[in-house]
Structures are given as C-alpha cells and as structure tokens.
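Undergrad: Take this structure, written in structure tokens, and hold onto it; I'll ask about it next.
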C-alpha cells in the first residue's frame, strides 16, 4: 500500500451537514471536559470556535483529530463501510442509517469507539489491491487471536523501528468468515490541517499527532492455510510473514517450506477447453494474456482483446498456447452486476495477484479457485 498523504480537510461542507444535528457536535466536544463549547452551539458558532486561538491545548487537538477521522468516511464507499461495521457488530442505534454520513461517522465514533475502529479497519482493508500469497504447511485455525497478537505487534514494532524509524506500530484485526485479517499501521508524528475558509476569516487549524503514514495488510485463511500479505517491499513482506508464523504458530518456517510460494497456476490457461464459468448474471472475460513459446529466440507474446479466449479461437492460436513453455501473466475482468464497473484481476508469477478488495473479494477468490488458477 502506498504511503499515505494526509490532505487538507476543508471543514466548511463537513460542518454544514450538522445543521439540525448540533447535539452530536456538543456530545463530541463533551468528551474533553476541559473544553468549553460556544453557547448556543450552532454550525456558525462552532466554526468560530475552531478559528479561535487554542495554542498548546492537547484536548482541542484531540477533538479536531476526531473530526478529521470522521471526515475519512465522507465518501459513498466510506458510508457503506460504516453501515457494514454497524451490522457486523449488531449495533442497535435507531435511525442511525438515516443520518448524513458526516453525522453518522462522528456519532458512531462517540457512541461506540470499537465499531468505529472496525469501520476504519474495513476502510483501509478496502484499499488493498496487490498482494502476494503463501501456502502454509497445513490448514490450521487460530483458536485465540488475542494471545499471540501482542507478541506479533511488539516484534514488528521493534523491527520496523530499526528499518523505517516508525514511531509506533499498531496492529488491528477483524474476522471475515474463515479469514483472519490484520492491518499493520505504521505511525509517525505528522501535521494534519483542517481548513475553514467561509465566514469573515479564513483559518487553518493544525494538529500534530501520531498518524498512520502507511498500512500493510495480512489475511490468513484458516480453512486453507493460505496467507496473503500486501506490502510494497519484498524484504518487509518476508519479515511480516516470518514474524506472523512465529507469533501465531510457533514456527518461523510455517509459510516458507517447499512450494509455499506456488499459489497461482497459470498453466491451466493452456488447456484447449479452458473457460471461465460464472454464476447467475456474473460474467468473466480474459482480457490480457502473456506467454512464452519454446521456439528459437524464445519469443514472448502478449494478447490484449475484449475477449482473449475468443480471439485465440478465431485465429486458431489455442494449439500454440498449449505448447507454451510459460504463461507469464493474465488479466481477467469479472462483472458482478450489469452496469457496474467490472473488477480487474491481474495474476502474475507464482504467487502475485492484484485486485481491489473493496467489494466481492471472497467471491473473486472463490472463482479463481473454481477455475483452478488459485491453488490452496
């Protein structure tokens, strides 16, 4: 996952959404007893309150930090993930789904910090799009995640402080069916800016807090013993793999044995009858294919088409593909709903795949298994 750039937060539109919901702002400020809110508290008076000098006021900075965190969910996807977190934790808050997303995010942060933290985890997990997979020695459940989690966090913190100078490493986790998901937050003290431009005066409120500057993602599937890691640097990927194996299974080589990195089998694409069957109104199409033939000069061919399999048939190239010495990569487009943007899945090497985890992640992995491209 790329390094995070904390953007300026233009607070005007965000705060305007609290017209009629001023009690939520009051509840938010009340979390810090030393803060004295304006009276009466309105959208306009709250903006003036933010503009006023608050030098070296840690409570004020924490309050602003909460607004900034709620702002992260002010997108359509963020709104959906807030609702998903509420449903997962079976939180009963009458009328909560009818609130504007700005108000919902702050309300949830106030009333149930754990559910809000889960929503944050879901938000960052949805940004995962490229990861490497490893096969474990066996499919083994994790009976108690909490027990080894602290050792995992401490060890990663020590190693990443040496490598990256991270001020702090935080590990959050949540389960999704048989998948144990872990997000590793690398935090440093950085400056965030909240910008208010409307009214008589413009103001930029800055806070200097420990904030995530990068996130890494780990998923372990107890039913197959497969591990997924999303991080940009190979050595750090191996560090996380081995630390996870040692912390949770007491065996540093659990995911590094023979054939542990062979989790994708592109050779099945060479079969003359290879197809991409789907269910219901789903549709899958092979969009790109790169393969190498065992000929003089070792030529490599890349085919791009609206439907590569059909193009191969039209040009009588399936027999050539069946003799390929290596299939290097493939790109598959999967449509889960008519009119919606299809999911683009890139498979390469023996254990590298890329696709957005925001939606239909489990279904995508299930299709890859059905097509025998993903080997558990």
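The values are calculated or read from the model by the stated rules, or taken from the named source; none is laboratory data. Treat the numbers as computed from the prediction; the structure is a model and nothing was measured. Here the Cβ is made from the backbone with ideal geometry for all residues, glycine too, and neighbour counts use every protein chain on show.
Undergrad: Name the residue, out of 157, 136, that is without any contact (Cβ under 8 Å) to a residue 24 or more places away in the chain, in contact with a strand residue (DSSP E or B) (Cβ under 7 Å, 6 or more places away or on another chain) and within 28 Å of residue 256 (Cα to Cα).
TA: Values: 136 fails: without any contact (Cβ under 8 Å) to a residue 24 or more places away in the chain.
The match here is 157.
Undergrad: Tell me, which residue of the range 124-147 that is modelled with pLDDT of 90 or more and within 11 Å of residue 182 (Cβ to Cβ) is nearest to the chain's Cα centre (by Cα)?
TA: Only one residue fits best here, namely 145.
Undergrad: Can you tell me which of 24, 36, 86, 43 is on the phi < 0 side of the Ramachandran plot and loosely packed, with under 14 Cβ neighbours inside 10 Å?
TA: Result of the check over 24, 36, 86, 43: 36.
Undergrad: Any chance you could count how many residues in the range 247-258 are closer than 17 Å to residue 146 by Cβ and either crowded, with 16+ Cβ neighbours inside 10 Å or in contact with a helix residue (DSSP H, G or I) (Cβ under 8 Å, 6 or more places away or on another chain) (or both)?
TA: 3
Undergrad: Residue 259 fails exactly one of the following numbered conditions: (1) under 26 Å from residue 216 (Cβ atoms); (2) at pLDDT 95 or above. What is the number of that condition?
TA: Of the numbered conditions (1) under 26 Å from residue 216 (Cβ atoms); (2) at pLDDT 95 or above, the odd one out for residue 259 is (2).
Undergrad: Can you go through 349, 287, 292, 328 and tell me which one is touching a strand residue (DSSP E or B) at 6+ places or on another chain (Cβ under 9 Å), closer than 26 Å to residue 133 by Cα, touching a residue at least 40 places away in the same chain (Cβ under 8 Å) and surrounded by fewer than 15 Cβ atoms within 10 Å (Cβ to Cβ)?
TA: 349
Undergrad: So residue 242 ticks every box in (1) free of Cβ contacts under 8 Å to residues at least 40 places away in the same chain; (2) in a loop (DSSP other than H, G, I, E, B); (3) within 30 Å of residue 146 (Cα to Cα) but one. Which box is left unticked?
TA: In the conditions (1) free of Cβ contacts under 8 Å to residues at least 40 places away in the same chain; (2) in a loop (DSSP other than H, G, I, E, B); (3) within 30 Å of residue 146 (Cα to Cα), residue 242 misses (2) alone.
Undergrad: A further question on this structure: Would you point out the residue of the range 46-58, among those that are surrounded by 14 or more Cβ atoms within 10 Å (Cβ to Cβ) and out of contact with any strand residue (DSSP E or B) (no Cβ under 7 Å at 6 or more places or on another chain), that is nearest to residue 111 (Cα to Cα)?
TA: Among those residues, the one meeting the criterion is 46.
Undergrad: Condition check: assigned by TED's automatic domain parsing to the domain that holds residue 20 and at pLDDT 80 or above. Does residue 93 satisfy that?
TA: It is false that residue 93 is assigned by TED's automatic domain parsing to the domain that holds residue 20 and at pLDDT 80 or above.
Undergrad: Which number in (1) in contact (Cβ under 8 Å) with a residue 40 or more places away in the chain; (2) in contact with a helix residue (DSSP H, G or I) (Cβ under 7 Å, 6 or more places away or on another chain) marks the one condition that residue 303 misses?
TA: The one condition residue 303 does not meet is (1).
Undergrad: Select from the range 212-239 the residues that are in a loop (DSSP other than H, G, I, E, B) and crowded, with 18+ Cβ neighbours inside 10 Å and write down the one among them that is modelled with the highest pLDDT.
TA: Step by step, filter the range 212-239, then rank; the result is 225.
Undergrad: Confirm whether residue 321 is more than 29 Å from the chain's Cα centre (by Cα), outside the structural domain of residue 219 (by TED's automatic domain parsing), in contact (Cβ under 8 Å) with a residue 40 or more places away in the chain and surrounded by 14 or more Cβ atoms within 10 Å (Cβ to Cβ).
TA: Yes, satisfied.
Undergrad: Additional query: Working only within the range 352-374, note down all residues that are more than 20 Å from the chain's Cα centre (by Cα), over 19 Å from residue 307 (Cβ atoms) and buried (at least 18 other Cβ atoms within 10 Å of the Cβ).
TA: 374
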